Amino acid sequence: MNEIFRQSLFVGVTISLIAYEIGLFLKKKFGFAILNPLLVSIVIVIIALKTLGISYEVYNASAKYISYLLTPATVCLAVPLYEQLELLKKNMVAVICGILSGTLASLFGIFVLCSLFGFNHQQYVTMLPKSITTAIGIGISEELGGIVTITVAVIIITGILGNVIADTVFRIFKIKNPLAKGLALGTASHAIGTARAIEMGPVEGAMSSLAVAVAGLLTVIFVSGFAQLI
């Protein structure tokens, strides 16, 4: 019976969904920022695979169907933005400047750190898409010759970190404007940061949704130039 379960077509989907539901339950019950549902589910999935003796190949073959929903889920982020369209029009210049500066800061920061730590070109381009959504970041990494699996891991870590420390950062730097909060989360922490922004409020969620899309496009535009620096 255990062997049949391990080879099941939907074993990866089942484990992933159960793990995420447990993460949601823990976050709602205790409210700690560190109990991010995605982070918790990653830990649970690893433990489950080791305990049940399921190889990554088997898990990935059955869990990959979830990734098909990634692109449409990203597109759906346009809904909260549409609801705040008037606010966007009134603050268009500030919004554009905020996303542009955040995107350039991310790319330049990666360049500086990779230079300091002596990363080679492949390692450097692997890190460049760290702050954009996975759907776009994978394509950039493949195009530049990066290591896609590491790119995905870096993107997830960036998103979770932004989600977890957002409240602390806003409190330290006394950032109270909902528009600024949303733009910061979306630009720095893509869709995972946007999930936290939506929890904060409708304005934060809308601006973060916009930032995810625009930052992704700007990164596609600028990344070729930055990729030549190392």
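Quick notes on this one:
- Candidates Gly23, Ala153, Leu52 compared by Cα position along the dipole of the chain: farthest toward the positive end lies Gly23, with charges placed on Cβ.
- Amide H contacts of Leu229 (H built 1.01 Å from N, in plane; Pro and chain starts excluded): no residue 5 or more places away or on another chain comes under 5 Å.
- Scoring 120-133, 212-225 by mean Cβ neighbours within 10 Å over their residues and listing the highest first yields 120-133, 212-225.
- Candidate cross-link partners of Lys28 among the aspartates and glutamates, defined by an alpha-carbon separation under 18 Å and a same-chain spacing of 8 or more, comprise Asp167, Glu199.
- Axial C-alpha extent at least 24 Å, average Kyte-Doolittle at least 0.5 - helices from the chain (DSSP): 11-30, 92-116, 148-172, 202-227
- Accessible area in the full protein assembly, largest first, 1.4 Å probe, for Tyr65, Tyr56, Tyr82: Tyr82, Tyr56, Tyr65
- Within a Gaussian network of the chain (alpha carbon springs, distance under 10 Å), most fluctuating of Thr74, Thr168, Thr194: Thr168
- Mean Cα-pair separation over length for the range 103-230, i.e. relative contact order, pairs under 8 Å, 6 or more apart, %: 28 percent
- Whole-Å distance, taken between Cα centres, linking the range 177-210 and the range 27-100: 13 Å
- Within straight-line cross-link reach of Lys89, lysines at Cα separation under 29 Å, skipping those fewer than 8 residues along the same chain: Lys130, Lys174, Lys176, Lys181
- Fraction in percent of alpha-carbon pairs per bin - 5 Å, the range 26-128: 2, 9, 9, 9, 12, 19, 19, 12, 6, 2, 1, 0
- When the chain is treated as a Gaussian network with alpha carbon springs shorter than 10 Å, the biggest mean-square fluctuation among Ile150, Ile140, Ile54 belongs to Ile54.
- Glu199, Glu204, ranked by accessible area, largest first (probe 1.4 Å): Glu199, Glu204
- Remark: the Cα gyration tensor places the chain in the oblate category, a/c being 1.5 or greater and a/b not exceeding b/c.
- Shape parameters for the range 144-230, alpha-carbon atoms, Rg then Dmax in Å: 13.9, 40
- In the context of the full set of protein chains, residues of the chain present 55 Å² of accessible surface per residue (probe radius 1.4 Å, heavy atoms only).
- Heavy-atom accessible surface of the chain: percent carbon and sulfur, 1.4 Å: 72 percent
The values are calculated or read from the model by the stated rules, or taken from the named source; none is laboratory data. Because the structure is predicted, anything quoted here is derived from the model rather than measured. We place every Cβ from the backbone using ideal geometry, glycine too, and count neighbours over all the protein chains shown. All accessible areas refer to the heavy atoms of the entire protein, side chains included, with ligands and DNA or RNA removed. Shrake-Rupley method; radii C 1.70, N 1.55, O 1.52, S 1.80 Å.
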